[in-house]
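The values are calculated or read from the model by the stated rules, or taken from the named source; none is laboratory data. Just so you know, these numbers come straight off a predicted model, no measurement behind them. Cβ coordinates were reconstructed from backbone atoms using ideal geometry, including for glycine residues, and neighbour counts include every protein chain displayed.
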Amino acid sequence: MSIAFTLQGAVSRFHDKAGHCDISHTNDGGLWLIDIVAEGKTRTLAPVEAERFSHETSGSGELRMSWTGFPGMAKDISVGVTVRLDTKAPLSFWKLHIRKPSSVRVSEVRFPQVDNLARREGEALAVPVWTGQLLPNPRSVLCASDGARLAWNYPGMMAMQCVAYIAKDASGLYAACDDTAAFRKTFAFSGGKSGKVAFEFVHYPENGAEGREEWRMPYAAILGALHGDWYDAAERYRTWALQQSWAKESRMRRGLVPEWLSETGMWIWNRGRSDGVLPPAIALQEKIGLPVSVFWHWWHGCPYDAGFPEYLPPREGEEHFREAVSEAHAHGVRCIVYMNQRLWGMSTDSWRAENAERFAVKAEDGKVRPEVYNIFTKSPMASMCIATPFWRGTYAGIAQRAIAELGVDGIYMDQACDSMPCYDPSHGHAIGGGRYWLEGFRALSESIRNSDRAKEGSFGGTSFLVKRSSPEPLQEKRGGLDGQRQSPASSGRVRETSSSREEEVSREIRSEQSVALTGEGCCEAWLPYLDAMLTLQVSKERYSAPTDPWEPIPFFHAVYHSVATTYGSYSSLTMPPYDDLWPKASAPREPLALLDRKFSRQFYLEQARAFVWGQQPTLANFLPNQLDDRAEELDYVTRIAKVRHHAEKYLARGEFLRPPQLRSCGEPCTGVARTVESARKGTFPGMSARTGQSAPRSGRVSSESLGTPIATSPFSRLSIYAGQGEHLTEFEKTHPLALASAWRAPDGNVAIAIASVADEPLPISLSWNPSEYQMPSQGTLSRIAETGSIPIEPFQSPPSSHALTLPPRAICLLEFVNESPAA
């Protein structure tokens, strides 16, 4: 690639030589903008203000640029930039430093800025907002009005340090950072009615670099040409990401994830007292024959989104709660309970008694910014600063008591994968930028797991005591937790429920490795601290506006699936529940009423996404009557759990490969499957209809292919705040009828996961690049069904396609087992 600059040092042309096209051109702006504070006044420095600009090229080919002489500023202020081109890939690496008086603060650095991205056909924007999302035709959003801006903060909902502006059949923009310490930063696109789109990184120096005469970026910003789609961007990022400490020291890679969590066949996400939570899980486990674990909200003694962190005692009382958990353990059912990781209710007694405002996150003006989620009580909540020992000790103490005294198996930490900038100097952390939030989370997770360091402490004047731990002071500590290594979960083993097994569990349950911590979101920086990550983008339609143009993609899974356990879905067959501690006047007449069957395809799609993306299946608001009243839907999710159980080496531990191309065939393949029941038993003749090889032959993708099979179905949008004043929002959505993904297991074998949401038999063809999959030269094509692996046919050269007819709502994997002589 080549980069041309103006006489002021702005990028005038960003050219991809391999793609023979420009990525950007005619920069109307500059390369950087820097906000500084001098003598109490804020000023933005820009390259065009500099009186002198110089540049030189080093012997290694690195370009160095310098700007000096800013009118009205100290003479010793200067800005320097270095740019280096990669010799093996179309990438460039950018760094900036600023020299200044020590009294001058640098609050924000926007660099590098790329103006006027070239307009191309088939544009799309891929961003790793948690699992990932894709925006087709981003100019329709960015250029709809002047001043439009899309920005994402890392670390947090921005799960990885990369974005991709995709151009079909041309070169797009790949932007990333090689920050190994996860400093706070922002990725932003902007546009206007002129039709121009620009991109920039925003960096936040720790403490504004005050007291220092120089600030240097502690990492490089990366700009490059992207040939391909979002998966190509994920693959490029993965090469770097899996070498970083957070991946190497993830709890999954180090074998520290509790065995019961790894073996969970299905999660039940229920709310309220134990009678409506644990017996349904036991009933479902008996039905499906696989371990069921519970993700438990509204167990606590305070109203949801109002009374945090006054979780104790449980709303049903400690004795009844303990007995219910013990009974669930006797049946092999484990549970994790909800605790919000950062919110404190500002109207609670404990807020006043503990003077908790001292330890809350403060904005730049020194004030707390209340957050209101509960539409019934309008209760203000404050985000607590995790860098303070007070908040970590308070939270850890409550969590330790729930684990040690109530017997729960772990804590779900809501809003875990998020970070907040805090400007309170009394907290002892860096102001503005830095990595103090992550260091605080590390210390918090260690405090919860190391319960032997807990000590008795009071919680103000409230009616309960907590064990307030004494967290370690914040300090730089790369990587995850230390501790004895636990054996990875054995493949496919259902939990024993005998009394001897329960006695063994009781002995093990308090060990550091057996305490499960899960959290909302899936940011890379939390991999060393969380055992599993709640990812809800599979249910995007349940919470997004019907007009939201973004589509969910498995961006995070494509990079980190082999080192991360993900679970979660809003997928429910009922209206939402209602917290009985909320105002009675707002309660709906019939919470948990069954939804209309016309929304069932939305349910199937959510479960299908989670399956092909490799997530542990999750079912929300489950009650035993659904086994009869919604038998078809429960059959679907049960089959998903059973197939995943037999495909654990792919869907739990495998590497996510480029999804195969899935197209609709013009007519059913030979040997259309007879019934769904025959598919379950493995007599699925359509699955072996036509397998294409890398050499041309009949049976490759049909020339009559019609593109991805799609349908338009009714969808519902409805939140837990559906009281008497809010009704279900119904809308129609066009969606695929079948989904597919590809996986490489640790043993090198390859499989393709397929899920149909169609009500009728669906003829499809799949195609892929056998060399990209590292497909074996010979072996056996098998099908993994809910009964296990079933051989279909041998192959003597690397397959590149397969045509089949899926039975209604089919769930399976096509497995290519290597039988080459060298295997």
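Things to note:
Condition check ((1) closer than 18 Å to L534 by Cβ; (2) of a type in the set (D, E, K, R)) across all residues:
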| site | (1), (2) |
| --- | --- |
| E590 | no, yes |
| L594 | no, no |
| R597 | no, yes |
| Q602 | no, no |
| Q607 | yes, no |
| F622 | yes, no |
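- Wholly within the stretch 596-659, helices (runs of 4 or more DSSP H) carrying at least 2 residues that are touching a Ser or Thr at 6+ places or on another chain (Cβ under 8 Å): 600-612, 631-646, 648-651
- Of all residue pairs spaced 6 or more apart or on separate chains, those with beta-carbon atoms under 8 Å, a first member in the stretch 102-128 that is under 30 Å from W215 (Cα atoms) and a second member that is crowded, with 19+ Cβ neighbours inside 10 Å and hydroxyl-bearing (S, T, Y) are S107/Y204; E108/Y204; V109/Y204; V114/S24; D115/S24; N116/S24; L117/S24; L117/Y165.
- Members of the stretch 782-806 that are touching a Lys or Arg at 6+ places or on another chain (Cβ under 8 Å), of a type outside the set (V, I, T) and not in a strand (DSSP E or B): E786
- Residue within the stretch 754-770 that is among the charged types (D, E, K, R) and either assigned to a strand (DSSP E or B) or within 29 Å of the chain's Cα centre (by Cα) (or both) present: no
- For the stretch 1-39, filtered to residues that are among the hydroxyl-bearing types (S, T, Y) and part of a loop (DSSP other than H, G, I, E, B), the residue that is nearest to the chain's Cα centre (by Cα) is T26.
- Scanning the stretch 403-427 for residues that are in a helix (DSSP H, G or I) and either under 21 Å from the mean Cα position of the chain (by Cα) or crowded, with 24+ Cβ neighbours inside 10 Å (or both) gives a single hit, H427.
- Residue count for the stretch 308-341, restricted to those that are free of Cβ contacts under 8 Å to residues at least 12 places away in the same chain and of a type in the set (G, A, S): 1.
- Candidate set: the stretch 700-727, residues that are surrounded by 14 or more Cβ atoms within 10 Å (Cβ to Cβ) and farther than 30 Å from I754 by Cβ; chosen: the one modelled with the highest pLDDT: I720
- Residue satisfying all of: in the stretch 193-217; outside any helix (DSSP H, G or I) and at positive phi; farthest from the chain's Cα centre (by Cα) among these: G211
- The set of residues from the stretch 218-241 being of a type in the set (A, V, I, L, M) and in a helix (DSSP H, G or I) comprises A233, A234, A241.
- Members of the stretch 758-802 found to be among the aromatic types (F, W, Y) and either touching a Pro at 6+ places or on another chain (Cβ under 6 Å) or without any contact (Cβ under 8 Å) to a residue 60 or more places away in the chain (or both), listed by number: W768
- Residues in the stretch 380-412 that are farther than 23 Å from A306 by Cβ and among the polar types (S, T, N, Q): Q400 alone.
- Qualifying residue in the stretch 269-286 (condition: within 24 Å of W526 (Cβ to Cβ) and not in a loop (DSSP other than H, G, I, E, B)): yes
- Residue satisfying all of: in the stretch 742-752; touching a Lys or Arg at 6+ places or on another chain (Cβ under 9 Å) and either assigned to a helix (DSSP H, G or I) or among the small types (G, A, S) (or both); farthest from R809 (Cα to Cα) among these: A745
- Condition check for F183: buried (at least 19 other Cβ atoms within 10 Å of the Cβ) and in contact with a Gly (Cβ under 7 Å, 6 or more places away or on another chain): yes
- Pairs where the first residue, in the stretch 585-601, is without any contact (Cβ under 8 Å) to a residue 40 or more places away in the chain and the second is among the hydroxyl-bearing types (S, T, Y) and assigned to a loop (DSSP other than H, G, I, E, B), C-beta under 8 Å, 6+ apart: P591/Y578
- The stretch 1-42, residues that are among the charged types (D, E, K, R) and surrounded by 15 or more Cβ atoms within 10 Å (Cβ to Cβ): R13, D16, D22, D35
- Qualifying residue in the stretch 132-147 (condition: buried (at least 21 other Cβ atoms within 10 Å of the Cβ), at pLDDT 95 or above, under 22 Å from the mean Cα position of the chain (by Cα) and on the phi > 0 side of the Ramachandran plot): yes
- Taken as a whole, the structure places V129 among residues that are out of contact with any Gly (no Cβ under 9 Å at 6 or more places or on another chain) and more than 30 Å from M73 (Cα to Cα).
- Number of the exception - G195 against (1) touching a residue at least 60 places away in the same chain (Cβ under 8 Å); (2) closer than 22 Å to D548 by Cβ; (3) surrounded by fewer than 18 Cβ atoms within 10 Å (Cβ to Cβ): (2)
- Scanning the stretch 237-282 for residues that are among the charged types (D, E, K, R) and out of contact with any Gly (no Cβ under 8 Å at 6 or more places or on another chain) turns up R238, R253, E259, E263, R271, R273, D275.
- Of the candidates V559, V563, V612, V643, the single residue that is within 24 Å of G788 (Cβ to Cβ) and out of contact with any Asp or Glu (no Cβ under 7 Å at 6 or more places or on another chain) is V612.
- When residues of the stretch 140-179 are limited to those that are in a loop (DSSP other than H, G, I, E, B) and either touching a Phe, Trp or Tyr at 6+ places or on another chain (Cβ under 7 Å) or outside the structural domain of H15 (by TED's automatic domain parsing) (or both), the one farthest from M1 (Cα to Cα): M157
- Output for the stretch 52-73, where each listed residue is within 25 Å of D86 (Cα to Cα) and among the polar types (S, T, N, Q): S54, T57, S58, S60, S66
- Qualifying residue in the stretch 80-96 (condition: within 26 Å of M420 (Cβ to Cβ) and of a type outside the set (S, T, N, Q)): yes
- Reported count of residues in the stretch 598-620, each being surrounded by fewer than 23 Cβ atoms within 10 Å (Cβ to Cβ) and more than 17 Å from A755 (Cα to Cα), is 2.
- Any hit, the stretch 370-378, residues being in contact with a Phe, Trp or Tyr (Cβ under 6 Å, 6 or more places away or on another chain) and either modelled with pLDDT of 95 or more or not assigned by TED's automatic domain parsing to the domain that holds E310 (or both): no
- Filter result (touching an Asp or Glu at 6+ places or on another chain (Cβ under 7 Å) and of a type in the set (K, R)) within the stretch 216-236: none
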